[in-house]
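Written below as structure tokens is the structure these notes are about.
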2 protein chains.
Amino acid sequence: MTERVREVTEKLDMGRRVRLNRDRVLRAGVSLADEGGIDSFSMRRLAQELEVVPMALYKHVSNKEELLDGMVEIIIAGIDPPEIGADWKDAVRLRVLSARHALQQHPWARRAIETRTTKTPAVLAYMDSFIAMFLAGGFSTDLTHHVMHALGGRMWGFTQELFDDPAMPTAAKQAAVPPEAQTVMLRRMAELYPNIATIAASAAHDDGSVVGHGCDDQFEFEFALDLLLDGFERLHRQGWTSRPGQRSNR
Amino acid sequence: MTERVREVTEKLDMGRRVRLNRDRVLRAGVSLADEGGIDSFSMRRLAQELEVVPMALYKHVSNKEELLDGMVEIIIAGIDPPEIGADWKDAVRLRVLSARHALQQHPWARRAIETRTTKTPAVLAYMDSFIAMFLAGGFSTDLTHHVMHALGGRMWGFTQELFDDPAMPTAAKQAAVPPEAQTVMLRRMAELYPNIATIAASAAHDDGSVVGHGCDDQFEFEFALDLLLDGFERLHRQGWTSRPGQRSNR
DNA sequence: ACGGTAACGTGTACGCTGTACTCCCGCCAA
DNA sequence: TTGGCGGGAGTACAGCGTACACGTTACCGT
């Protein structure tokens, strides 16, 4: 009897149940991660939050990895667009700080981004507009390339080996994809992210290979390191101090 | 019957079985992570590798977290000590590159270090000797402090919010630990890692609090960011290029 | 208004994870 | 020889991600 009543109630509930959709799933994911941290974030918990059975999520998201991708995309989409008309330095500075701010609202996002390997559209768009700021500032593609590496994680508030292969699939993946589909992909990438394409092309030209085969990590690392060390030296020589007086770097 | 035979064989095996110990567990952990990556690294797999039942590991390691701590310690211990008598810049440079090299041998170590929160002795020792290089180079404690933050992850090959609280437990932890034990801890820390203590003391003095209550993350972040941006600007102005010609930063 | 159909949600199950608890074997000191 | 005890074995549990098969719902063209 009680059984019966419950059954009927459920049916009614089902009638007025709000449909699930990708967006709802993603947003619920973000807020669940916000309050519980990334460690206790599980498909099952998220399902519970949405008052739905775990497997229902899989109709809107192909797996947990892809769910996290989507959640990260939401965060990145929340980063302010570049200031227009500003000096490159100010523009970059503001943008980085905006990114930092956005990520600080979602403590889990840092680790999530770090562990993510796939470059989602939002990430690519972000990088693309970032590159645009340097190019607009008159930077050569060459310098822009290395500068992007050096900035690396500062873009997000931390470092990672950013875009090892900005556009190109790995050799393994290449084997699995028909070549004409590949060139189509490349063309679309070039349309969507023209600046990334520019940099990639320039880098590829540099080392003589046709397809950018990744960057010289060691070089990029030392480039950034030396930049910092030189900066340290300069500050040291001029007796820099953090106390109220004038900050000489800026 | 077959049962019997197996049982006897097992007994014999047990007789000549090499005893487990913390070191063997840790080293086996490192090599298992080396070959299989960190994702497929599990207590059960490690136990299997050591031909031992999973729970046996827990006699030598209190949990997986602590096991990873130990594994990281091994890697860090493998970083070359600072060059003695060298210019600070060369010394730092070499050390950083040595760290990078050490971590590249163990691809899993990066993420492992990033996710680790506890500062183990090896980490503290590493940081301490790092600070020593700057101080020996004549850097003020103030500058050294900020420079360490700026170097941040480059020390390992990536960034993280390094030593938010270099020595001090958080307020929550403080509550759980008797005060006299705390001061003892502090004294031991000061003995073992004198340079860290110096920096911590200086930073604490700076903002007027008695116990260093963490650093101004925002300031540190902008400090490093501006250092990079200034560097970019300089390179840009002098028409830097990565091609064969002279590298002007170095 | 109705019936077909595709999208959506459910139930069940599997193999994996980390680890708590209990027990007992085999080694070492006395 | 014996007694103790420490380190490994066995069993168990809750939680994880997700494959697969099965109902149910919502919508659309007639």
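Projected label points at A:L192 and A:Q104, each 7 Å from Cα along the beta carbon direction, are separated by 3.2 nanometres.
Peptide A:218-226 has a mean shielding of 5, counted as Cβ atoms of other protein chains within 10 Å of each residue's Cβ. Shortest first, B:S40 label-point distances to identical copies amount to 3.2 nm, with the label point at 7 Å from Cα along Cα→Cβ. When each of the peptides A:120-130, A:75-85 is scored by how many other beta carbons lie within 10 Å of its residues on average, the order from highest to lowest is A:120-130, A:75-85.
When A:R188, A:R22, A:R100 are arranged by Cβ crowding within 10 Å, least crowded first, meaning fewest neighbours, the order is A:R188, A:R22, A:R100.
Per-residue Cβ counts within 10 Å, from other chains only, averaged over B:144-151: what number is that?
Shielding by partners across B:144-151 averages 3.
Per residue of peptide A:129-138, the mean number of Cβ atoms on other chains within 10 Å of the residue Cβ is 1. The label point for A:D90 and the one for A:D217, both projected 7 Å from the Cα toward the Cβ, are 3.9 nm apart.
Any read-out appearing in this document is the output of simple, stated calculations on the displayed coordinates, not a laboratory observation. Quick caveat: nothing in here was measured; it's all calculated off a predicted structure. Every residue, glycine among them, receives a Cβ derived from its backbone with ideal geometry; neighbour counts consider all protein chains shown.
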